[in-house]
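Report on the structure given below.
The values are calculated or read from the model by the stated rules, or taken from the named source; none is laboratory data. Bear in mind that the values here come from a model prediction, so they are computed numbers and not experimental data. Cβ: placed from backbone, ideal geometry, glycine included. Neighbour counts: every protein chain shown. Accessible surface is based on the protein model in full, side chains and every heavy atom, while ligands, DNA and RNA are left aside. Shrake-Rupley method; radii C 1.70, N 1.55, O 1.52, S 1.80 Å.
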Amino acid sequence: MTQAVDPSTEPAASPVVRHLPGADILWEILVAEGVDTIFGYPGGAIMPAYDAMIRYPIHHVLTRHEQGACHMADGYARASGRVGVCVATSGPGATNLVTGLATAMMDSVPLVAITGQVASTVLGTDAFQETDVLGVTLPVTKHNFLVTRVEDIAPVLREAFALARSGRPGPVLVDITKDAQIAAADFVDPGPATIARPRIPTPVVTDAQLDEAAALIAAAERPVILAGHGIIQAGARDELLAFVATTDMPVACTLLGLGVLPSDHGRNMGMMGMHGEPWVNKTIQQADLLVAVGMRFDDRVTGNVATYATGARKIHIERDPAEIGKVVAVDVGLCGDAKELLVRLHDKVQARTHTSWIQHIRAMHEVDIERDVLKRPPSQGLIAPQVIRRLWELTEGKALVVTDVGQHQMWEAQYYKHGTPRSLITSGGLGTMGFALPAALGARFARRDDEIWVICGDGGFQMTACELSTAAQEGLNVNVAIINNGYLGMVRQWQEFFFDKRYVSTPMKSPDFVMLAQAHGIAARRVTTREGIDDAVAFARDTPGPTVIEFRVLAEDNVFPMVATGRDLHDMIRRPTIEEL
């Protein structure tokens, strides 16, 4: 009779030890981390890694510039919620990543950048293409590493991924010397890393703190929730919806928080801040309680901090303890994961209604909506808000939109209504021109079946237009809408308002964008009238592969409303009424 064997008493199988070059170990770890797509540009100091890559099931996207590679990894991460990965060589290859790293750092995007470095034996000798990459990138990364020994490649990469995605996410750079990539060592995958390095400990949120927050909510008659990017990153949409249903609070969103609630939700007021709706900003200024979740009170949100919501008590739910109280003093700071804390706070609050407050907000909305630019478009010319609103209608609000930075970015936030998380990708904190096209190409690899539109200006588009070749080489189905007003539009707007219309270095001559796209083998069209919008959008949607549509819009239109720098949040420059024209 065969006796059953208790598996728990069986000795654990010994791990398989393989003797591998450092370059192979790099890809072994990336595959183990679930990476299937990377974005990069080869060169001398990273060449051993590229040579080994062909043995691994990872798709490499050859970008046309390293900054584009970093933005693509960023777009991939924002679209998927996973860690994006980019690769570059040493020296100028590595330094070209800096703008992309800073963009990801400001918006808390999980990203791992891997760079080659000269051999450890010549570090510090100003060898060809040697750069102190750690010193250069220290301010714009969550952490960075220099690896000079093959034995350290696996544990450092595992820790890099853990750091990138843990806590407040961010970019991590790993610089690996060429000799470490070439040398071989016994390899056993250490497995996912736990963060062992010293960090500022996250305070534990106590029941007493939650009780204090719940008491403020119970006492409030004019509460407002300020919803930020952190809710989307925490996957806390359902928890926010439940909290809003119980507390009956209206919700204002940051730029990066758009999409956190359905666009037609009865308590979704839309975007606040410098170019937010006037009635939304007035609501915040009149509130007696602000519940800020996953946002950092950026200056574009608050205006003059001294006059910001002075009659409101403030609760701040935020992952990063450094952000609580940094800009705006708060009554209760709850540091931790937004998803978990919304659940815990929800358990403490009682059901409320705020009928009179909601009616007051709607009355302010009705007054402001009469100034909507789309109610009275000019008799001649095509206006950018009209283009974006029509694109929203034609796509039924279901597209993933990636914007660049400038006037079109704000018009998109105002006129394209986002109803789902991760449906808008944009550079918020750093405001990086040239971000949109490469970020959208990265997003395509994360969201292979979604309709994707780039909305960019004529200025920002030209900063990374070389990535059209990447789109063509990869056959990526991404539609690019260029809002061409012949200016660096947002700078020109500031010159109009604050510099007596001295348009210094803002008028911009551009190439023929249709011919430029066609030179890359990409289908393109130009639109100059309102009547041409629908046909052009249909053409782009029906064409396989990438397309470029140039919309020639009014040159001197402005984004309204606008809160000037340092002014009170409710002190907005408004679009002139018909009577004021």
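Condition check for Gly230 on (1) more than 14 Å from the chain's Cα centre (by Cα); (2) open to solvent by 10 Å² or more (accessible area, probe 1.4 Å); (3) of a type outside the set (Phe, Trp, Tyr): one failure, at (1). Please tell me if Thr95 is open to solvent by 40 Å² or more (accessible area, probe 1.4 Å), under 30 Å from Asp450 (Cβ atoms) and in contact with a Ser or Thr (Cβ under 9 Å, 6 or more places away or on another chain). Taking the combined requirement at face value, the residue does not satisfy it.
Is there a residue in region 102-116 that is open to solvent by 10 Å² or more (accessible area, probe 1.4 Å) and either under 26 Å from Asp179 (Cα atoms) or free of Cβ contacts under 8 Å to residues at least 60 places away in the same chain (or both)? No, region 102-116 contains no residue that is open to solvent by 10 Å² or more (accessible area, probe 1.4 Å) and either under 26 Å from Asp179 (Cα atoms) or free of Cβ contacts under 8 Å to residues at least 60 places away in the same chain (or both). When region 430-458 is filtered for residues that are in a helix (DSSP H, G or I) and either of a type in the set (Phe, Trp, Tyr) or open to solvent by 10 Å² or more (accessible area, probe 1.4 Å) (or both), the ones remaining, listed by number, are Arg444, Phe445, Ala446.
Being on the phi < 0 side of the Ramachandran plot, at pLDDT below 95 and assigned to a helix (DSSP H, G or I) is the requirement here; does Pro385 meet it? Spelling it out, Pro385 is indeed on the phi < 0 side of the Ramachandran plot, at pLDDT below 95 and assigned to a helix (DSSP H, G or I).
Per-residue answers, yes or no, for (1) in a strand (DSSP E or B); (2) farther than 23 Å from Thr565 by Cα; (3) open to solvent by less than 20 Å² (accessible area, probe 1.4 Å); (4) without any contact (Cβ under 8 Å) to a residue 40 or more places away in the chain:
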| residue | (1), (2), (3), (4) |
| --- | --- |
| Glu239 | no, yes, no, no |
| Ala252 | yes, no, yes, yes |
| Thr283 | no, no, yes, no |
| Leu290 | yes, no, yes, no |
| Ala306 | no, no, no, yes |
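Quick check on region 185-207: of everything there that is aliphatic (A, V, I, L, M) and open to solvent by 50 Å² or more (accessible area, probe 1.4 Å), which residue is modelled with the lowest pLDDT?
Taking region 185-207 first, the residues aliphatic (A, V, I, L, M) are 185, 188, 193, 195-196, 200, 204-205.
Next, from what is left, pick out any that are open to solvent by 50 Å² or more (accessible area, probe 1.4 Å): 188, 195-196, 200, 204.
Numbers: Val188: 92, Ile195: 69, Ala196: 57, Ile200: 61, Val204: 90.
It comes out as Ala196.
For Pro171, the stated conditions do not hold, so it cannot be described as at pLDDT 95 or above, farther than 25 Å from Ala184 by Cα and either touching an Asp or Glu at 6+ places or on another chain (Cβ under 7 Å) or surrounded by fewer than 19 Cβ atoms within 10 Å (Cβ to Cβ) (or both). In region 525-544, the residues that are within 18 Å of Glu393 (Cα to Cα) form Cβ pairs under 7 Å with partners that are assigned to a helix (DSSP H, G or I), at six or more places apart or across chains, as follows: Val527/Ile533; Val527/Ala536; Arg530/Gln386; Ile533/Val387; Ile533/Arg390; Asp534/Leu394; Val537/Leu391; Val537/Leu394.
Against the condition in contact with a Leu (Cβ under 9 Å, 6 or more places away or on another chain) and either part of a helix (DSSP H, G or I) or farther than 28 Å from Gly486 by Cβ (or both), how does Ala351 come out, does it pass? Answer is no for this residue.
For region 40-72, filtering for residues that are among the aromatic types (Phe, Trp, Tyr) and closer than 22 Å to Glu130 by Cα leaves 2. The criterion of being assigned to a helix (DSSP H, G or I) and in contact (Cβ under 8 Å) with a residue 24 or more places away in the chain holds for Glu212. When Leu20 is tested against (1) outside any helix (DSSP H, G or I); (2) at pLDDT below 95, exactly one condition is not met: (2).
Just so you know, in region 510-520 the residues that are over 29 Å from the mean Cα position of the chain (by Cα) and not aliphatic (A, V, I, L, M) include one that is farthest from Arg552 (Cα to Cα), and it is Gln518. All of Glu531, Glu556 fail the test of being of a type in the set (D, E, K, R), outside any loop (DSSP other than H, G, I, E, B), out of contact with any Gly (no Cβ under 7 Å at 6 or more places or on another chain) and open to solvent by 20 Å² or more (accessible area, probe 1.4 Å), apart from Glu531. Selection over region 392-410 of residues that are more than 17 Å from the chain's Cα centre (by Cα) and open to solvent by 10 Å² or more (accessible area, probe 1.4 Å) gives a count of 6. Looking only at region 215-227, residues that are assigned to a helix (DSSP H, G or I) and surrounded by fewer than 17 Cβ atoms within 10 Å (Cβ to Cβ) come to 3 in all. Pairing each residue of region 151-169 that is among the hydroxyl-bearing types (Ser, Thr, Tyr) with any residue that is at pLDDT 95 or above and crowded, with 24+ Cβ neighbours inside 10 Å, provided the two are 6+ apart or on different chains, yields C-beta distances under 9 Å for Ser166/Pro110.
Here Phe513 does not fit the description of being touching a residue at least 40 places away in the same chain (Cβ under 8 Å) and open to solvent by 40 Å² or more (accessible area, probe 1.4 Å). Give the residue that is nearest to Arg447 (Cα to Cα), with candidates limited to residues of region 28-65 that are assigned to a strand (DSSP E or B) and in contact with a His (Cβ under 9 Å, 6 or more places away or on another chain). Per the stated criteria, the residue is Thr37.
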